[in-house]
Amino acid sequence: MTAPDPTHRAQREPEELDSRKAAILEAIVTEYIGTAQPVGSSHVAQASGVAVSSATIRSEMVALERDGYLVQPHTSAGRIPTDKGYRFFVDHLSTPGVLGPAQHQQVSTFFTEAQGGIEEMLERTSSLLSDLTSYAAVVVGPSHEQATVRSVQVVGLSSIRATVVLVLSDGGVENRAIEISETVTSEELQRATQILDAAWNGTALHDLAAAPASGDPSVDIICERAAALIAGVGRSADHEPLFVGGPSRLAGSFDAIETVRGVLSILEQELVVVSLLRDVLESGLSVAIGSEHGFEPLASCAVVVAPVHLEGQQAGAVGLLGPTRMNYPAAMAAAEVVGRQLSRHLGEDQHRSEGTTDAG
């Protein structure tokens, strides 16, 4: 299922309100995001930028409800925003959200100290993004579809067990453990490394072929086992790794447990989530609210997505999933900063990988 692009739709069908209605709507959305309680005219009258009487505010709230920006859940309560109201709020934010100094430091420290393979990095990034916002976070990493092998190494784990490590041109690292029935020596592992590296270096994962025979049965067994396992990497090279951080936070975001279950069910469907983020994301930062997703289980959710770039090309995305009353300015700021920093980090990893290989 393909979700519509909310950014394009907002541009094709611009929604305009006069300055007074816009200020009142902004005050209601801001108050409701913070309290989750219907907002009455008395609260709106206290907001900056709303310099009119409560009676005028009530009249304008009725007009906003009539035009579909607000809804009154109970006859004696205030109003709450509709998806249309949130859309207007997001499209007309007077100032972009910013991360606080402590959050900026948290992000900076995280990426400065980040170590390990690319998938570990992506998983930890999803937790970072969730911690920054208290929403569920998703991170989609770059696939290895266009990657080539930069280097191969066979490392002994025991006398009958080894691991094959592939360093890829996109900064990724793939490794697979192999079992060997006979005891092998370090010299045989080194010879297998040389043969596999010569056969695979510079080759796309899809095109990895069996290594040529060495004349040494022990070395050939290592190469055969390695090739059999690494073939699986090639078959999944176009798979985009997905990591979800903070799914437990969804429980506190929705009143209905059925909603939580439905959202968690969607998050477990990897291809659906990757498709959702790809469809929502146009260029730069995008937001999809409620039914704009095109995914019925997420009708009460909002998704904020920012791209991840590698060598100028989109190579993944970071996203936040929460209720439609999410703090959009804060979520957009967090996604944008983390997406930008992750892009930079992946690029640096790739350059380091290339430099190490060239030096070798």
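General remarks:
- Dipole of the chain, positive direction: furthest Cα of 308, 320, 153, with charges on the beta-carbon: 320
- Kirkwood radius and radius of gyration were both taken over the C-alpha atoms of the chain, and their ratio Rg/Rh is 1.12.
- Here the simple spin-label model places points 7 Å from the Cα toward Cβ, and for residue 158 and residue 291 these points are separated by 6.0 nm.
- Most positive-pole-ward Cα, 75, 35, 115, against dipole of the chain from beta carbon charges: 75
- Charge dipole (debye, nearest 20) of the chain; +1 at Cβ of Lys and Arg, -1 at Cβ of Asp and Glu: 1200
- Amide H contacts of residue 151 (H built 1.01 Å from N, in plane; Pro and chain starts excluded): 167 sit under 5 Å, all sequence-distant by 5 or more or on other chains.
- Per-peptide average of other Cβ atoms within 10 Å, ordering 241-254, 333-346, 126-139 highest first: 126-139, 333-346, 241-254
- Available extension along the chain between residue 187 and residue 207 is 4.4 nm, counting 0.36 nm per residue and deducting the alpha carbon span.
- Of the two radii for the range 6-91, the radius of gyration is 0.96 times the Kirkwood radius, both from the alpha carbons; that is the Rg over Rh value.
- The value obtained for the range 149-235, namely the Cα convex hull volume divided by the number of residues, is 75 Å³ per residue.
- Other residues with beta-carbon under 14 Å from the beta-carbon of residue 56 carry, at +1 per Lys or Arg and -1 per Asp or Glu, a net charge of +1.
- Alpha carbon centroid spacing (whole Å) that separates the range 272-315 from the range 161-216: 38
- Ranked by the mean number of other Cβ atoms within 10 Å of their residues, highest first, the peptides 178-186, 93-101, 37-45 come out as 37-45, 178-186, 93-101.
Taken together, the values in this text are just the output of simple stated rules run on the coordinates, not laboratory data. Since we're looking at a predicted model, the values are computed, not measured. We place every Cβ from the backbone using ideal geometry, glycine too, and count neighbours over all the protein chains shown.
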